Amino acid sequence: MDDTVIFVICAIIAGIIYFVPTIIATRRDHSNMVAIFLLNLLLGWSFLGWLAALIWSVSRTNPKDKAPAPTKAEAVVRCPYCAENIQALAIKCKHCGSNLSRTPQNQPGEANG
């Protein structure tokens, strides 16, 4: 093989290894993905910067960052007046301001539309 081809292959492999912390953060959908990328890019050339980015990328993300799954009380129905999505337990539409009565179409636990 030509020396240039070997150099290009080694450079690609080194680049992939260099950005392993960023790749891990991206795959895990880490809440601080951009900050990890910047740390990796700017300080990854030092072993300590790369190691810090790696540890940060595999650390547990804050569970508050992820939106919780909707519960039965947060079920969505359509407003009978403006057809916008509202919470099933709503007594007043946040879009059109109409007062809502407890009708069969907006009972909690049922999703209409």
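Computed quantities for the displayed model
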read-out	value
Compactness relative to 2.2 N^0.38 Å, alpha carbon Rg of the stretch 3-64	1.25
Neighbour net charge for Leu54 - beta-carbon separation under 15 angstrom, K R +1, D E -1	+3
Simple label model, 7 Å out from Cα along Cβ direction - Ala14 to Thr61, nm	3.2 nm
Model label zone, Leu42; criterion: amide N under 17 Å from point 7 Å along Cα-to-beta-carbon; scope the stretch 1-27	22
Formal net charge of residues neighbouring Cys93 (Cβ-Cβ distance under 11 Å; K, R +1; D, E -1)	+2
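Only the coordinates and a few stated rules stand behind these numbers; no lab work does. None of the values given here were measured: they were computed from a predicted structure. Reconstructed Cβ throughout: ideal geometry from the backbone, glycine too, with neighbour counts over all protein chains shown.
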